[in-house]
1. Being charged (D, E, K, R) and either surrounded by fewer than 20 Cβ atoms within 10 Å (Cβ to Cβ) or over 21 Å from ALA235 (Cα atoms) (or both) is the filter here; which residues of the range 265-298 pass it?
2. Quick one: in the range 217-254, which of the residues that are in contact with a Pro (Cβ under 7 Å, 6 or more places away or on another chain) and buried (at least 21 other Cβ atoms within 10 Å of the Cβ) is farthest from ASN69 (Cα to Cα)?
3. From GLU274, GLU252, GLU247, grab the single residue that is within 23 Å of GLY143 (Cα to Cα) and of a type outside the set (Gly, Ala, Ser).
4. Could you check, for the range 161-178, whether at least one of its residues is basic (Lys, Arg), part of a helix (DSSP H, G or I) and touching an Asp or Glu at 6+ places or on another chain (Cβ under 8 Å)?
5. List pairs: first in the range 85-98 and closer than 18 Å to LYS124 by Cα, second modelled with pLDDT under 95 and not in a helix (DSSP H, G or I), Cβ under 8 Å, 6+ apart or cross-chain?
6. Taking only the range 250-279 into account, find how many residues are touching a residue at least 12 places away in the same chain (Cβ under 8 Å), of a type outside the set (S, T, N, Q) and not in a helix (DSSP H, G or I).
7. Among (1) in contact with a Gly (Cβ under 6 Å, 6 or more places away or on another chain); (2) within 20 Å of LYS208 (Cα to Cα); (3) modelled with pLDDT of 95 or more, which single condition is CYS126 missing?
8. Could you tell me which residue of the range 119-145 is surrounded by the most Cβ atoms within 10 Å (Cβ to Cβ), considering only residues that are among the polar types (S, T, N, Q) and outside any loop (DSSP other than H, G, I, E, B)?
Amino acid sequence: MNRRNFLSATGLAALAMSIPRSSAARPAGAPFKMNYAPHDGMFKNIAGADFLDQIRYMADQGFRAIEDNGMLGRPVAEQEKIGKLLADLKMTMGVFVVDSGDNWKVSLATGDKNYTDNFVKTCKACVEVASRVQAKWMTVVPGYFERKLPIGIQTANVINALRKGAEVFEPAGLVMVLEPLSDNPDLFLRTSSQSFEICKAVNSPSCKILYDIYHMQRNEGDLIANIDRAWDEIAYFQIGDNPGRKEPTTGEINYRNVFKHLYDKGYRGVMGMEHGISREGKEGEQALIKAYREVDAF
């Protein structure tokens, strides 16, 4: 090796050694620190329309979980295929929705026995689905606020229905996670503190909070402090930047700090990627992965 090449090589080596390990680029397929969970369609341009092919691609990129809101409505044979593939890839199944119809309009806050009975029936169906895909968590949305009833009565009605659901899920070791939403002001469940109160009243390991960071940024802000206040009842997180509900780094939320806080508190559960993509096509899907690499590098 001549002197010029030697100096060039040694200079590059010294530069590489000077870069902090935390900021060094990791291989494209390295597992993420946090357990982010993409959903069906998120990588359709790269991996194709088949959900199974998308799951394989997700695993190749370092994702260790998925979530699928509509799992309850998939054919049994498809559920079984998804469950087997997840087991083969050692991936975790995130939430699917306890969907007994239009979950916003069929309100548990009304106290209507038909709604409650249908909710319990759907919970029982969810136990069967969960066994096929090795799921643990199911999303529950209590529905609309009932303007004809005092808020205390509505809250009691929701607690009563959720206790009945917990009786279904507890023997199976499953957890329904209540999701406060920001989609419109007519929804009954709106904040983490309200969800915390209800979970304490239900008093079951099978009734916890799904803290969707996007919705909670819109409804209450003060994310880290509110996460800490409700921590004992939070079992699951979902992601989306604000405004726009797209991937981290596209809005106002400092996701690197939020994720570091959760990691430092010991959270190693699923982080559902329930958001859209800011750019179209394959380029947008590649940019999505890059964004998660950026916020995961804490």
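The values are calculated or read from the model by the stated rules, or taken from the named source; none is laboratory data. Nothing here was measured: the structure is a model prediction, and the numbers come from that model. Cβ placement follows ideal geometry from the backbone for every residue including glycine, while neighbour counts extend to all protein chains displayed.
1. Initially, the range 265-298 is screened for residues charged (D, E, K, R), giving 265, 268, 274, 279-280, 282-283, 285, 290, 293-294, 296.
Listed by number, the residues that qualify are LYS265, ARG268, ARG279, GLU280, LYS282, GLU283, GLU285, LYS290, ARG293, GLU294.
2. It comes out as ASP241.
3. Working: GLU252 fails: within 23 Å of GLY143 (Cα to Cα); GLU247 fails: within 23 Å of GLY143 (Cα to Cα).
Only one candidate passes the filter, namely GLU274.
4. Initial filter on the range 161-178 (basic (Lys, Arg)): 163-164.
Filter once more, so that each one left must be part of a helix (DSSP H, G or I): 163-164.
With touching an Asp or Glu at 6+ places or on another chain (Cβ under 8 Å) added as a condition, the list becomes none.
Scanning the range 161-178, I find no residue that is basic (Lys, Arg), part of a helix (DSSP H, G or I) and touching an Asp or Glu at 6+ places or on another chain (Cβ under 8 Å), so the answer is no.
5. VAL97/ASN103
6. Residues of the range 250-279 that are touching a residue at least 12 places away in the same chain (Cβ under 8 Å), as a first pass: 250, 252-253, 255-263, 265, 267-278.
In the following step, the residues that additionally are of a type outside the set (S, T, N, Q) were identified as 252-253, 255-256, 258-263, 265, 267-277.
Of the ones still in play, those that are also not in a helix (DSSP H, G or I) are 252-253, 265, 267-277.
Final tally of qualifying residues: 14.
7. (1)
8. We begin by selecting, within the range 119-145, every residue among the polar types (S, T, N, Q); these are 122, 131, 134, 139.
Cutting the leftovers down to outside any loop (DSSP other than H, G, I, E, B) gives us 122, 131, 139.
On the way: THR122: 21, SER131: 13, THR139: 23.
Step by step, filter the range 119-145, then rank; the result is THR139.
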